[in-house]
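S.K.: This structure is in structure tokens; I'll ask about it shortly.
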Amino acid sequence: MSTTILSIESSCDETAAAIVVDGREVKSNIIYSQIELHKLYGGVVPEIASRKHVEKVNQVIRAAIEEAHVTWDDINAVAVTYGPGLVGALLVGVSAAKAVAYAKKKPLVGVHHIEGHIAANYIEHPDLEPPFMCMVASGGHSHLVYVKDYTTFEIVGRTRDDAAGEAFDKVARAIGLGYPGGSKIDKLAKEGNKEAIHFPRAFMEDAPYDFSFSGLKSAVLNYLNGCEMKHQEINRADVAASFQQAVVDVLTDNSVRAAKAYGCKKLALAGGVASNSSLRENMQRVASEQGLQFYYPSPIFCTDNAAMIGVAGYHNYMAGIRDGLDLNAIPNLKI
Ligand code: KG4
Ligand code: ZN
């Protein structure tokens, strides 16, 4: 018998619902992105995000069920992201999931957002099983996670300051690309020379798998200011390519070193920044050189989505994890 999960995600600015069967098969994956709204403000405005989630959450749930051609009888459990994220945004998804679980008498399963990002890798890679090392890099998080089994995780490294996606967004804004900047830098960098400007790569002596992006971000801003003061023309493509390469070098080096140190044969990438073409290529090359099998999800499963929450929710459900109707949103939820 198969196990069908209805999943809900609303931790930031995507209102999403999905139907996932047996933790791998995505029957539907509905994402309402609020990005056009937040663009006007140069970043996500939490209050606007919460209000939009309230407006959209029932629609996306209904659409996910319709598109998957399932009935409530087919659904075994309701999975929902309960942290980390914006508290008001999370509360909308959690409340909707609790209401559905109560009304339809379904078990409720809380899911950690980062565990969801990691689980996105299982969707298109049937051969991928733990243990493996996973670099989760998004707008809100940058964590290097050892995935011991489907529900056991160890944080091996983390950012000391900005998340990788945050650095992309801030640099994009500084060179006038607008928000969200990651994909725009990715595109512009293809026209630039990644060796044109040397930006710093920060490696921590006391915690060898931690990383930091605030020094890099400041170096880019200083470079731009310097050019302006000297009335020097700025080659934005070179700035984008050189900055991107600095991020890629740090993420790749830390991930591969950690995977080797933990005796992993597999390395995976996850989160919004995992869409970055240069990061994928670079990690693929270095991982192959080091004898590691390398995995990453399609862009649609890198960005925030509910299918990944359905996959992680399936594994929690199979492990017997259940939550009560007192499940709360936890903005700083730890893995
Ligand atoms: O996972 P995600 O959709 O949301 C969070 O959980 O934060 O990640 C969004 C982040 C943004 O900072 C965005 O600029 C970045 O992922 N991003 C990229 C690319 N596409 C999205 N960064 C670099 N290269 C890309 N192609
Ligand atoms: Zn995310």
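The values are calculated or read from the model by the stated rules, or taken from the named source; none is laboratory data. Keep in mind it's a predicted model, so treat the numbers as computed, not measured. Note: ideal-geometry Cβ built from the backbone for every residue, glycine included; neighbour counts use all protein chains shown.
Here's the yes/no breakdown for (1) aliphatic (A, V, I, L, M); (2) touching a Leu at 6+ places or on another chain (Cβ under 8 Å):
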site: Ala17; (1), (2): yes, yes
site: Val70; (1), (2): yes, no
site: Asp73; (1), (2): no, no
site: Tyr82; (1), (2): no, yes
site: Gly85; (1), (2): no, no
site: Val94; (1), (2): yes, yes
site: Pro107; (1), (2): no, no
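S.K.: Taking the range 17-31, which residues are away from ligand 2 (no atom under 16 Å from the Cβ) and either surrounded by 24 or more Cβ atoms within 10 Å (Cβ to Cβ) or in a strand (DSSP E or B) (or both)?
M.R.: Within the range 17-31, Ile19, Val20, Val21, Glu25, Val26, Lys27, Ser28, Ile30 meet the criteria.
S.K.: Still on this structure: Among Gly140, Gly110, Gly116, which is the only one that is in contact with a helix residue (DSSP H, G or I) (Cβ under 6 Å, 6 or more places away or on another chain) and closer than 26 Å to Tyr296 by Cα?
M.R.: Gly116
S.K.: Right, Glu228: outside the structural domain of Tyr41 (by TED's automatic domain parsing), surrounded by fewer than 15 Cβ atoms within 10 Å (Cβ to Cβ) and either away from ligand 1 (no atom under 11 Å from the Cβ) or in contact (Cβ under 8 Å) with a residue 24 or more places away in the chain (or both) or not? Full working, then the answer.
M.R.: On the way: outside the structural domain of Tyr41 (by TED's automatic domain parsing): yes; surrounded by fewer than 15 Cβ atoms within 10 Å (Cβ to Cβ): yes; either away from ligand 1 (no atom under 11 Å from the Cβ) or in contact (Cβ under 8 Å) with a residue 24 or more places away in the chain (or both): yes.
Yes; evaluated as a whole, the condition is true for this residue.
S.K.: Can you pull out every residue in the range 295-329 that is of a type in the set (Ser, Thr, Tyr), out of contact with any Cys (no Cβ under 9 Å at 6 or more places or on another chain), over 18 Å from Leu90 (Cα atoms) and within 16 Å of ligand 1 (Cβ to nearest atom)?
M.R.: Matches in the range 295-329: Ser298 only.
S.K.: Collect the residues in the range 283-314 that are away from ligand 2 (no atom under 16 Å from the Cβ) and assigned by TED's automatic domain parsing to the domain that holds Ile114, keeping them in residue-number order.
M.R.: Tyr314
S.K.: Still on this structure, I have one more. Considering each of Val247, Val273 in turn, give the residue that is more than 30 Å from Thr4 (Cα to Cα) and in contact (Cβ under 8 Å) with a residue 24 or more places away in the chain.
M.R.: Val247
S.K.: Does the range 217-237 contain any residue that is of a type in the set (Gly, Ala, Ser) and within 22 Å of the chain's Cα centre (by Cα)?
M.R.: No, that holds for no residue.
S.K.: Would you confirm, using the coordinates I've provided, whether Tyr150 is of a type in the set (Phe, Trp, Tyr) and either crowded, with 20+ Cβ neighbours inside 10 Å or within 18 Å of Asn254 (Cα to Cα) (or both)?
M.R.: So Tyr150 passes the test.
S.K.: Right, next: Taking the range 134-156 only, how many residues are among the hydrophobic types (A, V, I, L, M, F, W, C) and either outside the structural domain of Tyr295 (by TED's automatic domain parsing) or within 16 Å of ligand 1 (Cβ to nearest atom) (or both)?
M.R.: The initial filter retains those residues of the range 134-156 that are among the hydrophobic types (A, V, I, L, M, F, W, C), namely 134-137, 144-145, 147, 153, 155-156.
Restricting the remaining residues to those that are either outside the structural domain of Tyr295 (by TED's automatic domain parsing) or within 16 Å of ligand 1 (Cβ to nearest atom) (or both) gives 134-137, 144-145.
Total meeting the criteria: 6.
S.K.: Applying the selection to the range 7-47, what residues are over 20 Å from the mean Cα position of the chain (by Cα) and away from ligand 1 (no atom under 16 Å from the Cβ)?
M.R.: Residues satisfying the conditions are Val21, Asp22, Lys27, Leu40, Glu47.
S.K.: Related question: Take the conditions assigned by TED's automatic domain parsing to the domain that holds Pro107, within 19 Å of Pro84 (Cα to Cα) and buried (at least 21 other Cβ atoms within 10 Å of the Cβ) and apply them to Glu14. Does it pass?
M.R.: Criteria met by Glu14.
S.K.: Can you tell me how many residues in the range 114-171 are aliphatic (A, V, I, L, M), assigned to a helix (DSSP H, G or I), over 11 Å from the mean Cα position of the chain (by Cα) and closer than 24 Å to Ile19 by Cβ?
M.R.: 1
S.K.: Which of the residues spanning the range 184-216 are within 16 Å of ligand 1 (Cβ to nearest atom), of a type in the set (Gly, Ala, Ser) and buried (at least 18 other Cβ atoms within 10 Å of the Cβ)? Even if it seems obvious, please write down each step before you answer.
M.R.: First, the residues of the range 184-216 that are within 16 Å of ligand 1 (Cβ to nearest atom): 184-192, 194, 199, 211, 213-214, 216.
From the residues that got through so far, the ones that are of a type in the set (Gly, Ala, Ser) too are 189, 192, 214.
Selection gives Ala189, Gly192.
S.K.: If you go through the range 64-91, how many residues are touching a residue at least 60 places away in the same chain (Cβ under 8 Å), of a type in the set (Val, Ile, Thr) and surrounded by fewer than 24 Cβ atoms within 10 Å (Cβ to Cβ)?
M.R.: Total meeting the criteria: 3.
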